[in-house]
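The block underneath contains the structure these notes are about, expressed in structure tokens.
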Amino acid sequence: MNGHKIICGSLAGACVAGASGLLLTQRDPVGQVANMFFAGICILLAFVFVWMGWWDDAVNDNAEPSTIERTVATTWLWMRRVLCWSAALVFLGVAVSMILNGVVLEHMPVFLIVLALGGMSLWVGLKGGGHVRSMGDDAAVHAERRKRYGWWF
């Protein structure tokens with residue numbers, strides 16, 4: 001087991017522990033709903049960390065993906081798309097409302113940041129992230145994943 005898997009596994013364990021703590025804490029009804037929501041976020045992050053540690057770099061592996069790996073990858077793809085495109089809708093909605101209300105010069109940096117975040121959310125939802133921290137290899141890595149997992153969409 002390499003260091004990357006150990007770190008991701010530790011983060012996933014911490015997320016599960018945090019979710020357990022949130023679910024076991026007694027609060028008023030409104031606070032309990034908030035605890036359940038954030039516990040769900042922690043569980044989602046635990047799955048993301050497990051995915052990152054064990055399967056994300058499997059694109060470079062020549063072995064045929066297992067059914068579990070294919071299912072997790074497809075679930076992650078659609079989860080990522082729904083979350084990123086929802087965020088893009090919110091960001092671009094804010095940008096459109098700023099345009100309709102008239103963008104004041106002092107709010108121009110906020111407008112440009114919101115517009116950039118909306119565009120990046122659209123891109124990440126569509127192609128995901130590549131191996132480097134730029135957007136240069138996102139499309140190529142997504143094409144590799146499409147081929148590996150048999151995605152047609």
Please calculate how many Å² of accessible area region 80-153 carries per residue, with a 1.4 Å probe and no DNA, RNA or ligand atoms counted.
65 Å²
Under the Karplus relation with 6.51, -1.76 and 1.60 and θ = phi - 60°, whole-Hz ³J(HN,Hα) for region 107-114, x at Gly and Pro, equal 9, 4, x, 5, 4, 5, 5, 5
What is the percent carbon and sulfur in the accessible area of the chain, measuring with a 1.4 Å probe over the protein chains and ignoring ligands?
72 percent
Can you compute the FRET efficiency between S10 and A116 using 1/(1 + (r/R0)^6), with r the Cβ-Cβ distance and R0 = 35 Å? Round to the nearest 0.05.
0.60
Stretch D137-A63 to full length: gain in nm at 0.36 nm per residue minus the Cα-Cα span?
24.4 nm
For region 134-147, in order, what is each residue's ³J(HN,Hα) by Karplus, 6.51 cos²θ - 1.76 cosθ + 1.60 with θ = phi - 60°, in whole Hz (x at glycine and Pro)?
9, 8, x, 10, 4, 5, 5, 5, 5, 5, 4, 5, 4, 5
Explain nothing, just the number: relative contact order of region 24-153, from Cα pairs under 8 Å at least 6 residues apart, as a whole percent.
23 percent
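The values are calculated or read from the model by the stated rules, or taken from the named source; none is laboratory data. Keep in mind that what you see is a predicted model, and the values were worked out from it rather than measured. Neighbour counts are summed over all protein chains in view; Cβ atoms, including those assigned to glycine, are modelled from backbone coordinates with ideal geometry. We work out accessible area using only protein heavy atoms, side chains counted, and drop any ligands, DNA or RNA first. Shrake-Rupley method; radii C 1.70, N 1.55, O 1.52, S 1.80 Å.
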